[in-house]
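One structure below.
The values are calculated or read from the model by the stated rules, or taken from the named source; none is laboratory data. The shown structure was predicted, so the numbers you read here are calculated from the model rather than taken from an experiment. Quick reminder, even Gly has a Cβ in these numbers, built from the backbone with ideal geometry, and neighbours come from all protein chains shown. Heavy atoms of the whole protein, side chains included, go into the accessibility calculation; ligands, DNA and RNA do not. Shrake-Rupley method; radii C 1.70, N 1.55, O 1.52, S 1.80 Å.
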Amino acid sequence: MSLVRLEGVAKHVLLPDDTRLEILRGIDLAVAAGDHVAIVGRSGSGKSTLLNLLGMLDTPSEGAVWFRGEPVRRMRRGRLDRLRGRNVGFVFQQFNLLAGRTALENVEMPLGYAGGRAFWTRRRAATEMLERVGLGHRIDSTPEQMSGGEQQRVAIARALVRRPALILADEPTGALDVETGGTVMELLDDIASEADAALVTITHDLHVAARARRHFRLEAGVLTPFDLTGAGAPGGDPSGVVVAPELAASVDEPGPAAADPGPPAADPDQPAVDPDQPTAGRDRHPAPAPRPDAADEREAAEVAS
């Protein structure tokens, strides 16, 4: 039996000018326990909306969402909130950690709404999960004191501390460099496999998508399966991904280089950079060296003479 299932799901909104914006159309998707699904698509294609429907944060305009064989639409709000809290873990691109709170406090936060033993043992459970993601030495650190990779690992620990049956990851590596992103995805895969949890990853990075067992493309609100057969190197290493040009064009992935490729395309996962502004703090755009002051210039001139 499927853990979560969408049947004929559509989502649309009414704009101020009374026109209807179609976001999702006729989505059919079933995810079972232990499954790993990747959904790729351009920015604005409706990926996050689809994730919200899978996580029961939103309701469809048409169609039905089922969780463990039961229609979500018939559930009362209180029961639905409890079901989601116990069974769904969310991992976001921007981490969404509580500023000024330690890693331990951030991870134990979901257990503050639990009952019985889970509530009274929440600190121990949070500590164990932080140790599992390699941050046992950082339990007293706040987000401001941690790197991006460490913050994302705290976010993963927070999402998994209640041992959810369904893990939903929205661009989990979008704010990280390639190496750190690969480490984070490997960790997420391992923990999901250990718990036999279903993992659904929303991404526009085909290298991240290649880690999944099933792959779907979302374009113009329509979800279609596609195959990344042979995309990864032996052992599941996605570093050998070969991207077809037509597929790359549909998910913002750079295609094969032309004879004269021109300047490199901007990374869609990074904010636009103004060439006239300093870029300190951005891993991929190091800040320019400071300009020497007048004394340095005179000293350099004397040495040159």
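For the peptides 155-168, 172-185, the ranking by mean Cβ contacts within 10 Å, running from highest to lowest, is 155-168, 172-185.
How large, in percent, is the carbon and sulfur part of the accessible surface of segment 52-204 at a probe radius of 1.4 Å?
Details: 3340 of 7250 Å².
Here it works out to 46 percent.
Across the options 31, 48, 72, the greatest Cα extent toward the positive end of the charge dipole of segment 28-98 (unit charges at beta carbon of Lys, Arg, Asp, Glu) belongs to 72. Given Cα pairs under 8 Å that are at least 6 residues apart, what percent is the relative contact order of segment 124-235? Averaging sequence separation for qualifying contacts and normalising by length gives 20 percent for segment 124-235.
If we count every other residue with Cβ under 12 angstrom of residue 138's Cβ, Lys/Arg +1 and Asp/Glu -1, where does the sum land?
Values: positive: 153; negative: 131, 140, 150.
So the surrounding residues net to -2.
Note on residue 21 and residue 109: the model spin-label points, each 7 Å out from Cα along the C-beta direction, lie 2.7 nm apart. A simple packing score, the average count of other Cβ atoms within 10 Å per residue, orders the peptides 101-110, 132-141, 212-221 as 101-110, 212-221, 132-141, with the highest score first.
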